[in-house]
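Remarks on the structure that follows.
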Amino acid sequence: MTNIENDTPVDDGANTETAEGAAPTQGENEELAHLAEQVAALQQDLLYARAEVQNVTRRKDKEIADAHAYAATKFARDILSVADNLGRALAALSEEQRADEAIKPLITGLEATERELLSVFERNGITRIAAIGLPLDPNQHQAMLEIPSDKEPGTIVQEMQAGYMLKDRLLRPAMVGVAKAG
């Protein structure tokens, strides 16, 4: 650029001497190093952000699957008392009551209702926990008392209340009596 009055060159701050192949100055090297550090930090942040998004997505998918699989947990726990009462009612019937022709249709209806309830449990992944004759498992059994027995100590010899699982989760532990040592 020139000054119009005397045609002398004017320094406008543009470096006209630096060619494309010229080596960068010390200040430019520092700026390039700083920019490279910033790029590396931003790339690392991007990787962390992507990993976090993947983790959140996996967690969300698992929570949705669990919500679908275990949505009826509260209802299942509540209906167990109905199954218990129905089982107790049938167990309380004596042989002469079962032979009485007047109440035979009632008993047949109660037994059919119990079979249907157990079938519904099975279709929905509700299973009864095995107890009698097995060693006590604190993850599935709740020991209520010790009973003198010739069985090995810690073996379940009596079941006071059945336990149930919903798929792989405990709905209710089985309340049991275990063999006493000695």
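The values are calculated or read from the model by the stated rules, or taken from the named source; none is laboratory data. Computed from a predicted model, the values in this text were never measured in an experiment. With ideal geometry, Cβ positions are generated from the backbone for all residues, glycine too; neighbour counts draw on all protein chains shown. Surface areas here come from the heavy atoms of the whole protein model, side chains and all, with no ligands, DNA or RNA. Shrake-Rupley method; radii C 1.70, N 1.55, O 1.52, S 1.80 Å.
Averaging sequence separations of C-alpha pairs under 8 Å and six or more residues apart, then dividing by the length of the chain, give the relative contact order as a whole percent.
Computed value for the chain: 15 percent relative contact order.
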- [ ] Kindly provide log₁₀ I(q)/I(0) values, in the same order as q = 0.21, 0.30 Å⁻¹, from the Debye equation applied to equal alpha-carbon scatterers of region 108-148.
- [x] -0.78, -0.99
Open item on the list: Once you place label points 7 Å from the Cα toward the Cβ at LEU110 and LEU32, how far apart are they in nm?
Closed with: 9.3 nm
- [ ] Run through the DSSP bridge list for the chain and note the antiparallel percent, rounded to the nearest 5.
- [x] 65 percent
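How big is region 135-177 by the Kirkwood estimate over distinct Cα pairs, in Å?
Kirkwood radius, region 135-177: 10.7 Å.
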Task: Unit charges at the beta carbon, dipole of region 25-182: most positive-side option, ALA67, GLY125, LEU32 - done: GLY125
TODO: Please report, in Å, the Rg and the Dmax of region 20-70, where both are computed over Cα atoms only.
DONE: 21.6, 70
Task: Exposure of VAL56 as accessible area (Å², to 10), given a probe of 1.4 Å and all protein chains - done: 70 Å²
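Explain nothing, just the number: dipole magnitude of the chain about its Cα centre with +1 on each Lys and Arg Cβ and -1 on each Asp and Glu Cβ, in debye rounded to the nearest 20.
Working: 18 positive and 31 negative charges, 457 e Å.
Dipole of the chain, to the nearest 20 debye: 2200 debye.
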TODO: Add +1 for every Lys or Arg and -1 for every Asp or Glu among the other residues with Cβ under 13 Å from the Cβ of GLU111, and state the total.
DONE: +1
Open item on the list: With every protein chain left in place and a probe of 1.4 Å, what is the accessible surface of LYS60, to the nearest 10 Å²?
Closed with: 100 Å²
Task: Label assignment, P(r) over Cα pairs in 5 Å bins from 0, in percent derived from the structure, set (i) 1, 8, 15, 20, 20, 15, 9, 5, 3, 2, 1, 1, 0; (ii) 1, 6, 9, 8, 8, 8, 8, 6, 5, 4, 3, 3, 3, 3, 3, 3, 3, 3, 3, 3, 2, 2, 1, 1, 0, 0, 0; (iii) 1, 6, 11, 14, 13, 10, 8, 6, 4, 4, 4, 4, 4, 4, 3, 2, 1, 1, 0 - done: (ii)
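Can you give the local net charge around ARG172? Use residues other than it whose beta-carbon is closer than 15 angstrom to its beta-carbon, Lys and Arg +1, Asp and Glu -1. Let's see the in-between values first.
Working: positive: LYS74, ARG77, ARG128, LYS167, ARG169; negative: ASP78, ASP84, ASP137, GLU159, ASP168.
Value of the local net charge: 0.
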Task: Whole-Å distance, taken between Cα centres, linking region 113-139 and region 67-103 - done: 12 Å
TODO: Using a Gaussian network model of the chain whose springs link C-alpha atoms within less than 10 Å, name the residue from TYR70, TYR48, TYR164 with the highest mean-square fluctuation.
DONE: TYR48
Open item on the list: Rounded to the nearest percent, how much of the accessible area of the chain (1.4 Å probe, protein heavy atoms only) is carbon and sulfur?
Closed with: 55 percent
